[in-house]
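Notes to accompany the following structure.
The values are calculated or read from the model by the stated rules, or taken from the named source; none is laboratory data. Since we're looking at a predicted model, the values are computed, not measured. Don't worry about glycine lacking a Cβ; one is built from the backbone with ideal geometry, like all the others, and counts go over all protein chains shown.
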Amino acid sequence: MDWDATRALFELSEGVIYLDGNSLGPMPKAARAAMARVQDEWSQQLIRGWNRCGWMAQPAALGDRIGRLIGAPPGTTVIGDTLSVKVHQALAAALALRPGRRVILSDTGNFPSDLYMAEGLIEALGQGHELRLAEPEGVAEAIEAAGDDLAVLMLTEVDYRTGRRHDMPKLTAQAHAAGALAIWDLAHSAGALPVDVAGGGADFAVGCTYKYLNAGPGAPAFIHARPDLVDEVSPALSGWLGHAAPFAFEQGYRPGAGIERMRVGTPPVLQMAALGAALDIWDTVGMDALRARSIALCDRFIAGVEASCPALTLASPREGARRGSQVSFRHPEGYAVMQALIARGVIGDFRAPDILRFGFTPLYTSEGDVDGAVRHLAEILRTGEWDTPEHRARAAVT
Ligand SMILES: *Cc1c(COP(=O)(O)O)cnc(C)c1O
């Protein structure tokens, strides 16, 4: 892979070292033209655009392109809504396939929104389900303990704070052996490392496209269902665009064929243009080469920080294979340290209570970026530059 060539495909400002693609990927240069094209379509075609410009068919077409990155066969992935909404759909669909079983098992490392969505769904269903949280290292034992009562194992493969990666095939097989289904959230996996949902046996997978896939703020989420389940799952959110015949305007709901039934309402056409442009880049990328370079960049960062920043402790697994594509360190004043870094143009992020998080994305992160980030971090810690009221003042979005 020519990583200088992929880096040239993104708009990156001079003087900025961007290590936060795990929260919001940078803008692909081609997204401007793609979005301008759709603006022209909108202005000139008006409502005819739904047919003439293929807007209505795009959620499944884009889903298939994401499917290629996560090992999902064509016809099993569709985009739309936000990840939180897709978590709700996957969980509701999975619970409906396991009536009488009570336990939804997740872990304390899961992203809060996934857990909040589970709480809300449990309340709405009113069937006495229980959300049980294991420690990330104790999931296998918790599956055993839940036994016949386990309905769904719902995990995020890569922990948003620490980057710790679950063994998806192993835990999925264990959930299946207990008679349960497995939902995998790939928010920090899709575009970060090779994923094989088919090989791993996932029943459902969900994820977002604005992190490692670089489709922009507010870009739609995706949902995948196992090929032999797509025609029997309940879509849970029975919106008109998941109906078998949306434009027949029938009185009653009938789910559409296959994964199309997981659509809900009108797709985000402008944002889909950016997603399409972002996926064009992914068409050229080998995931194995990406993974090797991601691990090398992360290892380089860990070695540099540990050699020059004694105040920081590694919060991520040391072994590359057990991480996603990010590295986190702990510091009691992590928030202020990160603000000082950002003031110097090194953009990572902070996750409460004490995590400094850095995403390394081979598409546009170079060794020079890694070394620059280490140098700035070491200087900030050595001089105490972070210890000011401005750097301690919390903004609304961290
Ligand atoms: C980023 C992220 C989300 C965000 O959900 P949205 O509905 O897209 O805001 C949810 N779950 C996980 C695991 C995430 O990493």
Worksheet item: Can L121 be described as within 15 Å of the ligand (Cβ to nearest atom) and farther than 30 Å from I295 by Cβ?
Response: yes
Worksheet item: Does the stretch 59-72 contain at least one residue that is in contact with a Cys (Cβ under 6 Å, 6 or more places away or on another chain) and assigned by TED's automatic domain parsing to the domain that holds I259?
Response: no
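Picking from T108, T76, which residue would you name as being of a type in the set (S, T, Y) and within 22 Å of S234 (Cα to Cα)?
Working: T108 fails: within 22 Å of S234 (Cα to Cα).
Unique residue meeting the criteria: T76.
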Worksheet item: Just checking, which of G109, G179, G218 is touching a residue at least 12 places away in the same chain (Cβ under 8 Å), assigned to a loop (DSSP other than H, G, I, E, B), within 16 Å of the ligand (Cβ to nearest atom) and at positive phi?
Response: G218
Discussion item. For the stretch 1-93, give me every one of the helices (runs of 4 or more DSSP H) that falls completely inside it and has 2 or more residues that are surrounded by fewer than 15 Cβ atoms within 10 Å (Cβ to Cβ) and more than 21 Å from the chain's Cα centre (by Cα).
Written reply: 3-7, 29-45, 49-52
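Out of the stretch 233-248, which residues are surrounded by fewer than 20 Cβ atoms within 10 Å (Cβ to Cβ) and touching a residue at least 24 places away in the same chain (Cβ under 8 Å)?
S234, L237, G239, W240, L241
Quick one: is G49 away from the ligand (no atom under 16 Å from the Cβ) and either aromatic (F, W, Y) or not assigned by TED's automatic domain parsing to the domain that holds L125 (or both)?
When the stated conditions are applied, G49 does not pass them.
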Worksheet entry | Only listed residue being touching a residue at least 24 places away in the same chain (Cβ under 8 Å) and among the basic types (K, R), chosen from R32, R48, R52, R37 | R37
Practice prompt. Output yes when any residue across the stretch 79-92 is more than 16 Å from the ligand (Cβ to nearest atom), out of contact with any helix residue (DSSP H, G or I) (no Cβ under 6 Å at 6 or more places or on another chain) and farther than 19 Å from A142 by Cβ, and no when none is.
Written response: no
Worksheet item: Of the residues in the stretch 257-282, how many are in contact with a strand residue (DSSP E or B) (Cβ under 6 Å, 6 or more places away or on another chain) and of a type in the set (G, A, S)?
Response: 2
Worksheet item: Which condition does Y116 not pass, out of (1) in a helix (DSSP H, G or I); (2) away from the ligand (no atom under 15 Å from the Cβ), if it passes all the others?
Response: (2)
Worksheet item: Can you find even one residue in the stretch 272-283 that is on the phi < 0 side of the Ramachandran plot and in a loop (DSSP other than H, G, I, E, B)?
Response: yes
